[in-house]
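Quick notes on the structure that follows.
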């Protein structure tokens, strides 16, 4: 059963934060408080009261647009009315500082320990006040949330409306984790989830009765006529969709305002949430025009109006299907497995990316990795004594890694991936805490964790295999995917690891550089609950198939997000089963892997049929006659990326990366399977050859 969390909902006034709040409630959580940050008053205005003088703390500030990287501020004078409209306590805090750190990742983890709670409120706020340099605006969340936690000590989760913005999500996650709050981002990657259309989010908002008015436009495709229109209405969303196709790429979030194309202010919603509505008369709205076609509404006066007494009908938010259609088909294809003769031999082919690999042998791949400074270390820890905790030996192993890094002039951030082999999964929590102490900066390495019981040679209790990018001579950038929020997309990380780490392998012949991606092992957690699928009325074999396909979908979604064209290999770990089901389950996994890598027979057919159904756009025909239609380009990511993968050398052109299964004692969370990919290949053309 899903744990019911006590949620602090960050609200900006915009559609996304409120829709995320509705998803919190639908997932069985209780919203105990609203939190909001507002811009400082202009220098000529009277200084606002201290934010702790009252919950609101900003009743008299002047309307302005801060143009913050992090926070929406248009319409912020309306925010105090939400407390009355929703019947939920509201707390506000003035924004201090600006966007000091402008990268996608946020590095405050360098300066303090995690897990601060209400008892540390005073010291944390004092620490913020004594700093002489300008603070990043993200840190304004800390005093706001610590005040709320002090008033609501049961609060243990934080909701945000991030959809595609890694910048916003990582900053909220940084603060939430430091304060011991579970971050919730139910809208994360929502547009790519079933039915995988950008407009589906707005349609879902319309379905529950959300009234979100456009209060700012900042795109060449939108003009002042859009101001104060309800974005969650069919007419308006279709106008926006059509306008954005002329000035953007389908799939970049423009129709949702993800690039700042427009901002919204929610004035009403389902009666189960909005006890009253917010009214702003036309005479109380003034248009402020800025350069470049940007314009926003200045709210002069607003009021709360109690709704007519009516029976409250619970409005259910649509939640994306657990499996997208592609993986529903993979699941269906497994019905015949174990009813026929399917070989357990490793399925797969040798892979090379022509941008860096000039020969076909695996030995060449090894030499290329060595020449590009990829190091592999192994560190072990022996079993503890009778009265010695496992964490003591684990600490010694981590200290060994730290010293070896120092001797090699390397940092923990140079570690790309790790494989942790435990004697007992019962040691996982203790070792996890010690292991995490090695990584004080954002984006720790990807990780696979298994336990092998007595298969681990005595007297070992743990083995850590590390893959390291040797940057001691030439610093090299790396990319990371580190999602700590619950969502419908893929599981949040359940420890100090990233979902994926990508490094660039430079080419020796000046051709396109290739990136290698290390992906964390994926277990079949339901992303928005972080629980394993329950059997209910299914038999154990069907439940295993669901777990196998769900965790494979997690692997592919991460690969797509990292632009992986092809995976070099994959191993699926299976826990020992007393009913001798390992061989049967190996067949299931092998078949799922094969089906995943079946190339579509006619990939363009569906697109052509869809195009035939589209109405004529006379504007496009007039201005772009004879040219590629603007906005028609799809921003889709697929795995495998068949447009760059060449399997012509394989029998009948059919191939999949090498695949194995390995039996272990136990997996994290008691999972039935864990998929662990080799490396993902990004960039250049990938040639696949039959096995030698």
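Before moving on, here are some points about what is shown:
- Elements of type helices (runs of 4 or more DSSP H) contained in the range 67-171, each with 2 or more residues being surrounded by fewer than 18 Cβ atoms within 10 Å (Cβ to Cβ) and modelled with pLDDT of 90 or more: 141-151
- Set 393, 404: member being farther than 30 Å from residue 176 by Cα, touching a residue at least 40 places away in the same chain (Cβ under 8 Å) and not in a loop (DSSP other than H, G, I, E, B): 393
- When the range 443-473 is filtered for residues that are out of contact with any helix residue (DSSP H, G or I) (no Cβ under 6 Å at 6 or more places or on another chain), touching a residue at least 40 places away in the same chain (Cβ under 8 Å) and assigned to a loop (DSSP other than H, G, I, E, B), the ones remaining, listed by number, are 443, 444, 445, 452, 458, 459, 470, 472, 473.
- Selection within the range 407-420 - surrounded by fewer than 20 Cβ atoms within 10 Å (Cβ to Cβ) and not in a helix (DSSP H, G or I): 408, 409, 410, 411, 419
- Just one residue in the set 292, 260 is under 25 Å from the mean Cα position of the chain (by Cα) and on the phi > 0 side of the Ramachandran plot; that residue is 260.
- Residue, nearest to the chain's Cα centre (by Cα), within the range 513-527, restricted to residues that are surrounded by 21 or more Cβ atoms within 10 Å (Cβ to Cβ) and assigned to a loop (DSSP other than H, G, I, E, B): 527
- Exclusive hit being buried (at least 24 other Cβ atoms within 10 Å of the Cβ) and either under 29 Å from residue 32 (Cα atoms) or at pLDDT below 95 (or both), set 263, 203, 258, 241: 263
- The range 190-233: number of residues that are assigned to a helix (DSSP H, G or I) and under 30 Å from residue 638 (Cβ atoms): 11
- Inspection of the range 229-237 finds a residue satisfying the criterion of being touching a helix residue (DSSP H, G or I) at 6+ places or on another chain (Cβ under 9 Å), crowded, with 17+ Cβ neighbours inside 10 Å, at pLDDT 95 or above and farther than 24 Å from residue 192 by Cα.
- Only one entry of 532, 574 meets the criterion of being touching a helix residue (DSSP H, G or I) at 6+ places or on another chain (Cβ under 7 Å), modelled with pLDDT of 95 or more, surrounded by fewer than 20 Cβ atoms within 10 Å (Cβ to Cβ) and under 30 Å from residue 454 (Cα atoms), and that entry is 532.
- Considering residues of the range 425-465 that are surrounded by fewer than 17 Cβ atoms within 10 Å (Cβ to Cβ) and over 29 Å from the mean Cα position of the chain (by Cα) only, the residue nearest to residue 379 (Cα to Cα): 460
- Only one of 449, 392 that is over 30 Å from residue 650 (Cα atoms) and modelled with pLDDT of 95 or more: 449
The values are calculated or read from the model by the stated rules, or taken from the named source; none is laboratory data. These figures come from a predicted structure and were not determined experimentally. For neighbour counting, all protein chains shown are included, and Cβ atoms are generated from backbone atoms with ideal geometry for every residue, glycine included.
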